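The values are calculated or read from the model by the stated rules, or taken from the named source; none is laboratory data. Just so it is clear, the structure is predicted and the values come from calculations on it, not from any experiment. For neighbour counting, all protein chains shown are included, and Cβ atoms are generated from backbone atoms with ideal geometry for every residue, glycine included.
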Amino acid sequence: MTEPTRRAILKGGLGVACCAAASPLLTPVTLAAAPGENRLVVIILRGAMDGVGVFAPYGDREYAELRPKIGLVPDDTLIDLDGRFGMDARLDALHPFWRAGELAVAHAVSTPYRGKRSHFDGQDLLEAGIGDVAKIDDGWMNRALGQVSEARAEHALAVGREDMLLMRGERAVRAWTPGTKLSLQNDERALLQLIYGRDPLFAEAAAMAEELSALGGGGGGAKSATGRLAKYTADRLSEEARIAAFSIGGWDTHAGQPSALGAPLKALAEALTILKSTLGPVWGDTMVVAMTEFGRTARENGNRGTDHGTGGALKGGAVYGDWPGLRERDLYEGRDLTPTMDVRHYPAWALHALFGIERAALEGAVFPGLEMGARPGFIA
Amino acid sequence: GWPEEAEAWITPQGLADRIAWASVLGQLVEARWDPRAFVEAALGEIAGQETRFAATRAAERWEGLALTLASPEFNRR
């Protein structure tokens, strides 16, 4: 195999970075019959990851103008990838993936979702794999399972506390819930303060509770929770499971983005490294795709953050996608990265290569309305 | 509850516990409740602007539910 197929693919929603990780030794299959040897892990990044922020187009002159305070700096907060794009230095654990050709990023991708930039609707559409909120019913991974003859419940696994639409549907799947509990992070803590702001009794108590909790050194829960999810997922994929999905939250960085991204970036790096190390030889047959519901604004806001946007990013050993540029006239509605490809393109090709599901089924039943187009460069 | 009872438990620890409870409850919900519908169903007209905004703007469903459950409007009923 000469194709560098080990890539970390994180998929973005609107204009978000999407990246994928896969083994270069991945063998595409032509017959859709379970179980086969290939594995697919889908990670849903909840909160609209800032693709432009995490996989920064630092080579574009406009980047520094759009992100004067929160932009990444080469050799400091940014690791160069290809001379034009770089990644947040806190993903340094993924740099070996990149050097080995195992990490893929695709920019400027999105679901068909446009308009309100609502997290709930955006995530639902991302997981449902369709373009119409009114028609949301089941998840595309469940429909994909339905296309593979002899697929059984133990081949598919949803991991985590929340009920994943991605895996819901007619086909039975397995689910596992870890014992750890999530706590409000980042923007949601700010929202809680907003709610309490009008009520002096609550505001005072909440402020003191925050101080007490800061003293207690909380926040470690998120990291270990993701690590457990990844470890459990890899253990099951090493046995009977073939497709699995879990979530990483904390990406909704409206304020104080540089520090707010610390925890989710750490979780993402940890998830990918633990998946690879736990899978061992099975890593050679595995692709990981990480996706988020949409991107964020090209410009930073007044709170050193970014607001909901449109185009996102996906990655894989190279930076893919048709980069639309960051000039004023290049931006969607003058504010967001313009999406130039349907994000579903990537999981569709992954399903085709990994499990032999036919293009007609992918464009029809699994991702209605999608035109798959040309095979992406990172899929053999 | 009565205002006197509210003062009794709206201490830092009491509130922290209440927020933690709301977070857990938000995560335990099996059905995919929409936080936008939940804030209407749970509070209706009582919901303040900030609470409604927060519940609908949260990044994940369980957070939207938790914010409603942790709100003063919900807890003063």
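The table below lists the values:
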quantity: From the options A:Ala263, A:Ala255, A:Ala267, residue that is part of a loop (DSSP other than H, G, I, E, B) and either modelled with pLDDT under 95 or at negative phi (or both); calculated: A:Ala255
quantity: Matching residues in the range A:270-308 - criterion: being part of a strand (DSSP E or B) and farther than 21 Å from B:Ala59 by Cα; calculated: A:Thr286, A:Met287, A:Val288
quantity: Which listed residue is at pLDDT below 90 and either assigned to a strand (DSSP E or B) or not charged (D, E, K, R) (or both), from A:Ala108, A:Ala134; calculated: A:Ala108
quantity: Some residue of the range A:75-85 being farther than 22 Å from A:Gly377 by Cβ, assigned to a helix (DSSP H, G or I), in contact with a helix residue (DSSP H, G or I) (Cβ under 6 Å, 6 or more places away or on another chain) and of a type outside the set (D, E, K, R); calculated: no
quantity: Candidates A:Leu194, A:Leu184, filtered to the one that is modelled with pLDDT under 90, within 11 Å of chain B (Cβ to nearest Cβ) and assigned to a loop (DSSP other than H, G, I, E, B); calculated: A:Leu184
quantity: Any chance A:Ala203 is modelled with pLDDT under 90 and over 27 Å from A:Ala267 (Cβ atoms); calculated: yes
quantity: Hey, A:Leu81 touching a residue at least 40 places away in the same chain (Cβ under 8 Å), within 30 Å of B:Glu63 (Cβ to Cβ) and not polar (S, T, N, Q) or not; calculated: no
quantity: Verdict on A:Val41 being under 30 Å from B:Glu63 (Cα atoms), assigned to a strand (DSSP E or B) and in contact (Cβ under 8 Å) with a residue 40 or more places away in the chain; calculated: yes
quantity: Count of residues meeting criterion [at the interface with chain B (Cβ under 8 Å from one of its Cβ atoms) and among the hydrophobic types (A, V, I, L, M, F, W, C)] in the range A:240-256; calculated: 1
quantity: Test: B:Ala66 is more than 8 Å from chain A (Cβ to nearest Cβ) and either farther than 18 Å from A:Asp121 by Cα or assigned to a helix (DSSP H, G or I) (or both); calculated: no
quantity: Selection count where residues are modelled with pLDDT under 80 and among the small types (Gly, Ala, Ser), scope the range A:321-335; calculated: 2
quantity: Leading residue by the ranking (modelled with the lowest pLDDT) among those in the range B:40-77 that are surrounded by fewer than 24 Cβ atoms within 10 Å (Cβ to Cβ) and basic (Lys, Arg); calculated: B:Arg77
quantity: Scope the range A:131-146; condition surrounded by fewer than 24 Cβ atoms within 10 Å (Cβ to Cβ) and under 14 Å from A:Thr111 (Cα atoms); matching residues; calculated: A:Gly131, A:Asp132, A:Val133, A:Ile136
quantity: Output for the range A:55-74, where each listed residue is in contact with a Leu (Cβ under 9 Å, 6 or more places away or on another chain) and assigned to a loop (DSSP other than H, G, I, E, B); calculated: A:Phe55, A:Ala56, A:Pro57, A:Tyr58, A:Asp60, A:Gly71, A:Leu72
quantity: Residue in the range A:143-161 that is away from chain B (no Cβ under 14 Å), touching a Leu at 6+ places or on another chain (Cβ under 8 Å), at pLDDT 90 or above and part of a helix (DSSP H, G or I) present; calculated: yes
quantity: Residue pairs meeting the criteria (Cβ under 6 Å; at least 6 apart or on separate chains; first farther than 12 Å from A:Arg161 by Cα, in the range B:17-29; second in a helix (DSSP H, G or I)); calculated: B:Ile19/B:Ala70; B:Ala22/B:Ala66; B:Ala22/B:Leu69; B:Ala22/B:Ala70
quantity: Subset of the range B:39-51 [over 10 Å from the mean Cα position of the chain (by Cα) and either in contact (Cβ under 8 Å) with a residue 60 or more places away in the chain or part of a helix (DSSP H, G or I) (or both)]; calculated: B:Glu40, B:Ala41, B:Gly44, B:Glu45, B:Ile46, B:Gln49, B:Glu50
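Condition check ((1) more than 24 Å from A:Val52 (Cβ to Cβ); (2) modelled with pLDDT of 95 or more; (3) of a type outside the set (A, V, I, L, M); (4) surrounded by fewer than 22 Cβ atoms within 10 Å (Cβ to Cβ)) across all residues:
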{"residue": "A:Leu337", "(1), (2), (3), (4)": "no, no, no, no"}
{"residue": "A:Thr340", "(1), (2), (3), (4)": "no, no, yes, yes"}
{"residue": "A:Leu354", "(1), (2), (3), (4)": "yes, no, no, no"}
{"residue": "A:Glu358", "(1), (2), (3), (4)": "yes, no, yes, yes"}
{"residue": "A:Val366", "(1), (2), (3), (4)": "yes, yes, no, no"}
{"residue": "A:Ala380", "(1), (2), (3), (4)": "yes, no, no, yes"}
